[in-house]
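Below you'll find the structure, written out as structure tokens, and then a few comments.
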Amino acid sequence: MPAQLPAHSPHGGHVATIEYFAKVPDAATFKKDSSVTLGSRSGDALLRRIDQLLEELGNQVAATSLAAEFNTTILYGQLYHAVDGWLKERARGVGSSGREPAVRALYTIVCTTLAKRANVGISTLPNWLTAAFGRDLSEHGEKLDYENRLAQYLSSTERAKYRIRFNGGIAQQMQWWLTRTNWQNVDSARDFSVDAGWREGHSGYALSQGGDFYSGPHKAAGKSVKGGSFFHSSYMAGDTVRCAGTWKIVNGKLLEITDASGHYLPTIKHMLGAIETLKGYGVDLSAVRIFLMSQGNPAPEFSLTSFMEASQRLSLEGMAAEFTEKRKVQQVRIATQVAKHFVDDEVSRKKRIANLIVVVQHLSERKHVTLKGTETKKADDCATCAGYSKEWKGILEQIEKDRALAA
């Protein structure tokens, strides 16, 4: 069990009567543990999405490639958000209290598993989740908000009235424009802004890291009016979002969705987060038109099926590139730290560092291969390590130190 659950999630106070010690349970086990007398799962969209994700994880074969490994990690991330979302809805009085112990136990083991897969400590898992699935302000957004101070930022109390809830997959919102607190089906045309350059009948939305959608009018008040403009960044006060864009909703039914946000410039990975969240809320996406501004202008249109096919490929490529870049930075850092203890001359040190980067990568994989191409357990017989015997110990110590800090 984690020593500390992710700080942004309000699920640490209740002690579950069910625990999953070794691994994330399979779908059948979780369904059994979360069942309630005379209770149907059909009316609980988030619970059914958790079931589906557990089934998908159960069907995953052992990862044999970097892409397969990333795909599994993405599934665990989606499972985390679904479980986290269910517990948030339960805190609002939605869902069955009888299912709560099993969901809390699942939350704990999912956090533990994700932390291990990400090679981070449980206390820093929220930071990893934000980096892996969130989107910060773009350079354009930072300039408008921080430099020009044009955006109106909402407090948590102020943004609550813009929250969208989904009742049976139908989008609803409090009638804040009439200062009423009763909920009604959303019609995005009411907040459509011609000046924003959006598709006809669209309003803006922002999806928080916590899985809540917010939607309202877009307003550019002009450069002379400080804090008078209402942008995508207004909802979360400039903080990280999971996605932002526009959507067309008629009488609560989602018809179109885009990733059009100059403030955040979401990628296909972030739109995948929005689609996944909508699935969890039981929204019928079978006929929804998806437009990706991040993939060209004019934005190409996708159906749910074609989007899922494209998003898996493109988001995996993007995450793999990010991971590779971060790994390269780490290897250079380790090589530099070790080389400075053995080489005084700066020119020689640069050459040594370049060679040591290969050794660092090699030792991280913990495989030694002889000149003939056969594996060996002895570093002395390894073709890659030959000539770097005095640095081996320093490199291995630094690698282990990094792993210990992340654990």
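The values are calculated or read from the model by the stated rules, or taken from the named source; none is laboratory data. The structure displayed is predicted, hence computed values, not measured ones. When we count neighbours, we look across all protein chains shown, and the Cβ atoms used for this are built from the backbone with ideal geometry, even at glycine. SASA here: full protein model, heavy atoms, side chains in, ligands and nucleic acids out. Shrake-Rupley method; radii C 1.70, N 1.55, O 1.52, S 1.80 Å.
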Item to complete: Treat each spin label as a single point 7 Å out from the Cα along the C-beta direction, and report the Ala220 to Arg190 distance in nm.
Response: 2.5 nm
Item to complete: Report the label-to-label distance for Asn167 and Arg149 in nanometres (one decimal), using points 7 Å from each Cα along the Cα→Cβ vector.
Response: 4.2 nm
Worksheet entry | Loop sites in segment 70-137: trypsin sites (Lys or Arg not before Pro), DSSP, at most 14 other Cβ within 10 Å | Arg92
Worksheet item: Put a dot 7 Å past each Cα toward the Cβ at Thr181 and Ser40; how far apart are the dots in nm?
Response: 3.1 nm
Practice prompt. Return the subset of Lys161/Lys253; Lys116/Lys269; Lys143/Lys223; Lys23/Lys116 for which the Cα-Cα distance in this structure is over 18 Å, preserving the input order.
Written response: Lys161/Lys253; Lys116/Lys269
Worksheet item: Quick one: what Rg and Dmax do you get for segment 100-173 from the alpha carbons, in Å?
Response: 17.9, 49
Worksheet item: Just in segment 191-276: which GluC sites (Glu not before Pro) are loop by DSSP and have at most 13 other Cβ atoms within 10 Å?
Response: Glu200
Worksheet entry | Extension gain from Arg289 to Ser97, taking 0.36 nm per residue of separation minus the Cα-Cα distance | 65.5 nm
Item to complete: At a 1.4 Å probe radius, which order do Tyr146, Tyr153, Tyr20 fall into by accessible area, largest first?
Response: Tyr146, Tyr153, Tyr20
Response to the item:
Residues meeting the amide H criterion for Leu254 (H placed from the backbone, H to H distance under 5 Å, 5 or more places apart or on another chain) are Ala171
Worksheet item: So what J values fall out for segment 225-234 if you push phi through Karplus, 6.51 cos²θ - 1.76 cosθ + 1.60 with θ = phi - 60°, rounded to Hz, Gly and Pro as x?
Response: 9, 6, x, x, 9, 10, 10, 4, 6, 5
Item to complete: Please sort by residue number the trypsin sites (Lys or Arg not before Pro) in segment 208-242 whose DSSP state is loop and whose Cβ has at most 16 other Cβ atoms within 10 Å.
Response: Lys223, Lys226
Worksheet item: In sequence order, what are the phi-derived ³J(HN,Hα) couplings for segment 18-33 according to the Karplus relation 6.51 cos²θ - 1.76 cosθ + 1.60 with θ = phi - 60°, rounded to whole Hz, with x for glycine and proline?
Response: 10, 9, 10, 7, 7, 7, 5, x, 7, 4, 5, 5, 5, 4, 5, 5
Practice prompt. Report ³J(HN,Hα) in whole Hz for each residue of segment 147-164, in order, from the Karplus equation J = 6.51 cos²θ - 1.76 cosθ + 1.60 where θ = phi - 60°; Gly and Pro get x.
Written response: 7, 8, 6, 8, 7, 7, 9, 9, 7, 4, 5, 5, 6, 4, 6, 8, 5, 9
Worksheet item: With charges set only on the Cβ (+1 for Lys and Arg, -1 for Asp and Glu), what does the dipole of segment 35-133 come to about its Cα centre, in debye to the nearest 20?
Response: 240 debye
Item to complete: Calculate, for Lys116 and Ala28, the FRET efficiency according to 1/(1 + (r/R0)^6) with r their C-beta to C-beta distance and R0 30 Å; round to the nearest 0.05.
Response: 0.80
